[in-house]
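Remarks on the structure that follows.
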Amino acid sequence: EADIYQTPRYLVIGTGKKITLECSQTMGHDKMYWYQQDPGMELHLIHYSYGVNSTEKGDLSSESTVSRIRTEHFPLTLESARPSHTSQYLCASSDPDRAMNTEAFFGQGTRLTVV
Amino acid sequence: EDKVVQSPLSLVVHEGDTVTLNCSYEVTNFRSLLWYKQEKKAPTFLFMLTSSGIEKKSGRLSSILDKKELFSILNITATQTGDSAIYLCAVDNNYGQNFVFGPGTRLSVLP
């Protein structure tokens, strides 16, 4: 079982609030990702990190920001939430340096609703 | 632009049926193809395929890759209601190992 955790699992907040979605993994993986997934739609990569102090934007433009101060922790922040941010956010990690090929391990996701 | 296409997007079958899910891809630098099952929240890993023609099998599920024709299939035999889920296909495009996901196939297995 993958050791990657997201909190909170569900969040309903008002427009304009600042929020941080937490993601932690205990596998020592260098690579971490944030995906956004609307109901019935595909996963879209919004941020990723190669390791500590590395953050990159993904394929889908997002108003969120991320930080990677510690290997195990990759929080995502929305400075001012809007209803258009309502979605499911999935965090994942992988370890491309230790194996020729490896899969991504996913957290349980955070379902965010902005009212 | 790297792309993964899955078909069908939605499928409804009855218990005991056999289903075949399709995944085709266009990537500039292929490394591996992965299948995931997503029920409620987190996708769970099923298979990783790197070589053509070698079938991966786990119980009633099996998958195979064709790197010449750029596609993979996922077979599920003797389907059960517990197989109801979204099945995601993803490709590792080898650029820092970023995964490109397809839209998924929503499988519903009726009793």
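Being out of contact with any helix residue (DSSP H, G or I) (no Cβ under 9 Å at 6 or more places or on another chain), without any contact (Cβ under 8 Å) to a residue 12 or more places away in the chain and either among the charged types (D, E, K, R) or closer than 20 Å to A:Leu60 by Cβ (or both) is the requirement here; does B:Lys41 meet it?
Criteria met by B:Lys41.
Would you check if B:Asp66 is of a type in the set (Asp, Glu), surrounded by fewer than 17 Cβ atoms within 10 Å (Cβ to Cβ) and modelled with pLDDT of 95 or more?
Taking the combined requirement at face value, the residue satisfies it.
Check whether at least one residue in the stretch B:67-88 is more than 10 Å from chain A (Cβ to nearest Cβ) and among the basic types (Lys, Arg), and report yes or no.
Looking for residues that are more than 10 Å from chain A (Cβ to nearest Cβ) and among the basic types (Lys, Arg), one finds at least one in the stretch B:67-88, hence yes.
Exactly one condition in (1) assigned to a strand (DSSP E or B); (2) at pLDDT 95 or above; (3) of a type in the set (A, V, I, L, M) is not met by B:Val91; state its number.
Status for B:Val91: all satisfied but (2).
Look at the stretch A:1-49 and say how many of its residues are open to solvent by 60 Å² or more (accessible area, probe 1.4 Å) and among the hydroxyl-bearing types (Ser, Thr, Tyr).
5
Looking only at strands (runs of 3 or more DSSP E) that lie completely in the stretch A:50-115, which have at least 3 residues being surrounded by 16 or more Cβ atoms within 10 Å (Cβ to Cβ), more than 8 Å from chain B (Cβ to nearest Cβ) and in contact (Cβ under 8 Å) with a residue 40 or more places away in the chain? Can you show your working first?
Numbers: elements: A:76-78, A:87-94, A:110-114.
Strands (runs of 3 or more DSSP E) meeting the threshold: A:87-94, A:110-114.
Determine whether the stretch B:31-39 contains at least one residue that is over 28 Å from A:Pro39 (Cβ atoms) and of a type outside the set (S, T, N, Q).
yes
In the stretch B:40-55, what residues are in a strand (DSSP E or B) and at the interface with chain A (Cβ under 7 Å from one of its Cβ atoms)?
B:Pro43, B:Phe45, B:Met48
What number of residues in the stretch A:26-49 are of a type in the set (A, V, I, L, M) and either touching a residue at least 60 places away in the same chain (Cβ under 8 Å) or assigned to a loop (DSSP other than H, G, I, E, B) (or both)?
Here is the first cut: in the stretch A:26-49, the residues of a type in the set (A, V, I, L, M) are A:27, A:32, A:41, A:43, A:45-46.
When the remaining residues are screened for being either touching a residue at least 60 places away in the same chain (Cβ under 8 Å) or assigned to a loop (DSSP other than H, G, I, E, B) (or both), the result is A:27, A:32, A:41, A:43.
Residues flagged as of a type in the set (A, V, I, L, M) and either touching a residue at least 60 places away in the same chain (Cβ under 8 Å) or assigned to a loop (DSSP other than H, G, I, E, B) (or both) within the stretch A:26-49 amount to 4.
In the stretch B:12-36, what residues are in a strand (DSSP E or B), more than 11 Å from chain A (Cβ to nearest Cβ) and either more than 16 Å from B:Ala85 (Cβ to Cβ) or of a type outside the set (A, V, I, L, M) (or both)? Even if it seems obvious, please write down each step before you answer.
So the first thing to find is which residues in the stretch B:12-36 are in a strand (DSSP E or B), and the list is B:12-14, B:19-26, B:32-36.
Filter once more, so that each one left must be more than 11 Å from chain A (Cβ to nearest Cβ): B:12-14, B:19-26.
Correct list: B:His14, B:Thr20, B:Asn22, B:Cys23, B:Ser24, B:Tyr25, B:Glu26.
The values are calculated or read from the model by the stated rules, or taken from the named source; none is laboratory data. From a predicted model like this one, the values you see are computed outputs, not experimental measurements. Please note: Cβ atoms are built from the backbone with ideal geometry, for glycine as well, and neighbour counts cover all protein chains shown. Quick note on the areas: whole protein, heavy atoms, side chains included, nothing else; ligands and nucleic acids left out. Shrake-Rupley method; radii C 1.70, N 1.55, O 1.52, S 1.80 Å.
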